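Right, one structure below, let's go through it.
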Amino acid sequence: MAKEIFYTAVDIGTSKVCSIVARVGTEGELKILGTGVVESQGVQKGRIENIEEVQAAIRSSLEESQRYIGRGVISGVYAGVSGTHITCLNTKDFVDYPSDSGHIGPDQLRDLIESAFPQVDDSQEVLHIIPIGYQVDGLTAVRNPVGLHAGQVQVEAHVVLGDAAVLRNTIKAVEASKVSVKSLVVQSLASAEATLTGDEREMGVVMVDIGGGTSDVMIYRQGSPWYSSVIPVGGNQLTRDLAVAMRVPFYVAEEIKVKWGHALPETLRGDEEVVVPSFQGQPRRVVKRRDLGAPLHARLVELLKLVLLRVRQSGLRQLPTGGLVITGGCAETEGLQALAQKILGGPVRIAYPRGIAGLPTQLRKPTFSAGIGLLLWGIKHQGEKRRYRNGHRTLWGAKGKPKQAKKERGAETRVSVG
Ligand SMILES: Nc1ncnc2c1ncn2[C@@H]1O[C@H](COP(=O)(O)OP(=O)(O)OP(=O)(O)O)[C@@H](O)[C@H]1O
Ligand SMILES: [Mg+2]
């Protein structure tokens, strides 16, 4: 009997480590087989700071998932990466006379995309090179030039970069569980994969995954990724602000925030009250729900303004027509949609993972968008080589130089938007 192929995602978040195992059914549909969600340890703002703790969390998450597939073997995983070390740039490159036969073949196209590989120093790695569009003999916005006869073809690509040491630590943390990393995927791309509709991507859209330690931003224009960035602010800050304002420990503030937190407390009734539970010998207290919302409101306004700043840094003057899509654990904060609409203007949607029929109920939450997206991304891009160096599989030559594409002339423009 043929060995069953499992697809496994590992989302290493600041709050939780989540692994999801799936297989592709006979009709090509994705079937979720099991999940393992454990509390995260050793991750600060999306970046590993204690590798042993992270390794232990990944191991127990994978063990939990393993129970759902019995003797099945999880051999490789798609792992998410985040953190402020993630940067991006958009490059343009072109070749004259792409082939002897006169038309562009898949090989020429692959070489052309590889030619968009930027020169990076040893401290960085290229995570993704995503074609944005092609120009064929002056004809712009060509989506797929394969098969076209052409004198010159130009590619524009979105390139995502990460810090080499951070990426190596992520691989090391996963591979300690005796599974290999099939690919590292930037979290924002994964969350976008699981939440955005085709129309939103075409119209242009800003997606933000607000997690515990980071807010991962991905902007799409004309159907393609255009800008990616990580803001080092997330739900943990909200909880800390609330803990200070209410003079309670972090765990009490977290419980109150999830149950009663509100992003736009001015819309609440003035007489609504909530109970702050007793802790460490302190008696229980009754407080106005509006007062709880005030510090959360202030921090979320600051965060949304940072998102707007990123929109401007990407080269856009305002929110694109597709608006803002918010996912990640904090997306469930009551009143957030209305607050975001007020700050950014344009349509705002709170997004749950989509694109999988029969998604188990427990995974239908914004906190799982990145994990589900990692799976979707992995299946779409299976067979692609990993781009980063990590000692064995690599696109890089023995001397660490980028592979040379077959092209007439070198890189033309490099537009840094990161
Ligand atoms: N119902 C809720 N209302 C408000 N906040 C919530 C709710 N549920 C979860 N959160 C918050 O979401 C955050 C966790 O989100 P998520 O699980 O997406 O984080 P993560 O992926 O582990 O972290 P990161 O992506 O930042 O590394 C926590 O701060 C938590 O308090
Ligand atoms: Mg996350």
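The values are calculated or read from the model by the stated rules, or taken from the named source; none is laboratory data. Keep in mind it's a predicted model, so treat the numbers as computed, not measured. Ideal geometry is used to build each Cβ from the backbone, glycine not excepted, and the neighbour counts take in all protein chains shown. With ligands, DNA and RNA removed, areas are computed over all heavy atoms of the protein, side chains included. Shrake-Rupley method; radii C 1.70, N 1.55, O 1.52, S 1.80 Å.
Applying the criterion of being within 16 Å of ligand 2 (Cβ to nearest atom) and not in a helix (DSSP H, G or I) to the residues of segment 232-281, the residue that is nearest to Gly83 (Cα to Cα) is Pro232.
Assessment of segment 184-202 against the conditions (closer than 26 Å to Gly383 by Cα and in contact with a His (Cβ under 7 Å, 6 or more places away or on another chain)) yields at least one matching residue. Has segment 383-391 got at least one residue that is open to solvent by 70 Å² or more (accessible area, probe 1.4 Å) and modelled with pLDDT of 90 or more? Looking for residues that are open to solvent by 70 Å² or more (accessible area, probe 1.4 Å) and modelled with pLDDT of 90 or more, one finds none in segment 383-391, hence no. Of the residues making up segment 34-51, those that are in contact with a helix residue (DSSP H, G or I) (Cβ under 9 Å, 6 or more places away or on another chain) and open to solvent by 50 Å² or more (accessible area, probe 1.4 Å) are Val37, Glu39, Gln41, Lys45, Arg47. Filtering segment 120-134 to residues that are over 7 Å from Leu161 (Cα atoms) and polar (S, T, N, Q) leaves only Ser123.
Residue pairs whose Cβ atoms lie under 6 Å apart, separated by 6 or more positions or on different chains, with the first residue in segment 296-312 and farther than 14 Å from Leu336 by Cβ and the second assigned to a helix (DSSP H, G or I), are Leu308/Leu344. Can Arg364 be described as buried (at least 19 other Cβ atoms within 10 Å of the Cβ) and either away from ligand 1 (no atom under 11 Å from the Cβ) or closer than 16 Å to Leu296 by Cα (or both)? Answer is no for this residue.
A count restricted to segment 328-344 and to residues that are out of contact with any Gly (no Cβ under 9 Å at 6 or more places or on another chain) and either modelled with pLDDT under 95 or within 15 Å of ligand 2 (Cβ to nearest atom) (or both) stands at 2. All conditions but one from (1) at pLDDT 95 or above; (2) open to solvent by 50 Å² or more (accessible area, probe 1.4 Å); (3) more than 23 Å from Pro366 (Cα to Cα) apply to Arg289; the one that does not is (2). Scanning segment 10-33 for residues that are away from ligand 2 (no atom under 16 Å from the Cβ) and either touching a residue at least 60 places away in the same chain (Cβ under 8 Å) or open to solvent by 30 Å² or more (accessible area, probe 1.4 Å) (or both) yields Ala22, Arg23, Val24, Thr26, Glu27, Gly28, Glu29, Leu30, Lys31, Ile32, Leu33. Scan segment 80-92 and give yes if some residue there is loosely packed, with under 15 Cβ neighbours inside 10 Å and out of contact with any Pro (no Cβ under 6 Å at 6 or more places or on another chain), otherwise no. Within segment 80-92 (the criterion being loosely packed, with under 15 Cβ neighbours inside 10 Å and out of contact with any Pro (no Cβ under 6 Å at 6 or more places or on another chain)), the answer is no, since none of the residues qualifies. Somewhere in segment 151-163, is a residue free of Cβ contacts under 8 Å to residues at least 60 places away in the same chain and in a strand (DSSP E or B)? Yes, segment 151-163 has at least one match. Residues that are within 14 Å of ligand 1 (Cβ to nearest atom) and crowded, with 19+ Cβ neighbours inside 10 Å were ranked within segment 307-333; the one that is nearest to Pro347 (Cα to Cα) is Ile326. Residue selection: Asp209 satisfies the criterion of being among the acidic types (Asp, Glu), within 16 Å of ligand 2 (Cβ to nearest atom) and either in the same structural domain as Leu238 (by TED's automatic domain parsing) or within 30 Å of Gln44 (Cβ to Cβ) (or both). Within segment 116-126, the set of residues being touching a residue at least 40 places away in the same chain (Cβ under 8 Å) and open to solvent by 10 Å² or more (accessible area, probe 1.4 Å) comprises Phe117, Gln119, Val120, Asp122, Ser123, Gln124. Whenever a residue of segment 318-347 is outside the structural domain of Lys305 (by TED's automatic domain parsing), it has no partner that is open to solvent by 10 Å² or more (accessible area, probe 1.4 Å) and in a helix (DSSP H, G or I) lying with C-beta atoms less than 6 angstrom away and at least six residues away or across chains.
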